[in-house]
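Structure first, then comments.
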Amino acid sequence: MSLMKDDPSFKAGRAMREELFGAAGVARLDTCDDFVAPFENYVTRILFGETWTRPGLTIRERALMTLAIAAALGRDIPLRRQVKCAIENGATKEDIQEVLLHTTMYIGIAGGVESWASAVEVLKEIGAYD
């Protein structure tokens, strides 16, 4: 199976991935092989092409919500991506702080420790900590 490059949802998803994560967000699509293609088609079409593009929530709101979910699930890589995505789409360091504080109350201190440490590291990396 190859990528569904002509599918409207795939096109919208590719554009959203690039908007959210830059060239790195679509680079994996350009090197995708037949084994990974079904996964990349699904993620690009459904997650990015049909979910992230829906009206009702801003990209900033979606990024903050996804950050909270990633923290709750202990998913460090998505959490780090969403910190950057949220900042690039209008969130502030204080917004991230509030989301993590609120999320920590539901996931527990151990989960909070990891989430806060990752967020601090990313905010410092992108110059949004000070």
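Need one word for the chain: rounded, prolate or oblate. Basis is the Cα gyration tensor (sqrt eigenvalues a ≥ b ≥ c); a/c below 1.5 gives rounded, then a/b vs b/c decides. Since a/c reaches 1.5 and a/b is larger than b/c, the shape of the chain is classed as prolate.
Gain on full extension, evaluated as 0.36 nm per residue between TYR129 and PHE39 minus their Cα-Cα distance, stands at 28.9 nm. Against the chain, whose longest principal axis is taken from its Cα atoms, helix 109-125 shows a tilt of about 70°. Rounded to the nearest 10 degrees, the angle from helix 76-88 to the longest Cα principal axis of the chain is 90 degrees. Between the beta carbons of HIS102 and THR53, assuming R0 = 22 Å, the FRET efficiency works out to 0.25 to the nearest 0.05. In a reduced charge model with +1 at each Lys and Arg Cβ and -1 at each Asp and Glu Cβ, the chain shows a dipole moment near 160 debye about its Cα centre. Placing +1 on the Cβ of every Lys and Arg and -1 on the Cβ of every Asp and Glu, with no other charges, gives the stretch 8-51 a dipole of roughly 120 debye about its Cα centre. As a length-normalised measure over Cα pairs under 8 Å and 6 or more apart, the relative contact order of the chain settles at 22 percent.
Just check the stretch 8-51 against the gyration tensor rule for me: Cα atoms, a ≥ b ≥ c as the square roots of the eigenvalues, rounded for a/c under 1.5, and otherwise prolate or oblate depending on whether a/b exceeds b/c. Oblate, because a/c is 1.5 or more while a/b does not exceed b/c.
So what's the angle, to the nearest 10 degrees on a 0 to 90 scale, between helix 93-107 and the longest Cα principal axis of the chain? Roughly 90 degrees between the two axes.
Mean sequence separation of contacting Cα pairs (under 8 Å, at least six apart), scaled by the length of the stretch 8-51, corresponds to a relative contact order of 66 percent.
Since every read-out is calculated from the coordinates, none of them should be taken as a lab result. Everything quoted here is computed from the prediction, not taken from an experiment. Positions of Cβ are backbone-derived with ideal geometry, glycine not excepted, and every protein chain shown enters the neighbour counts.
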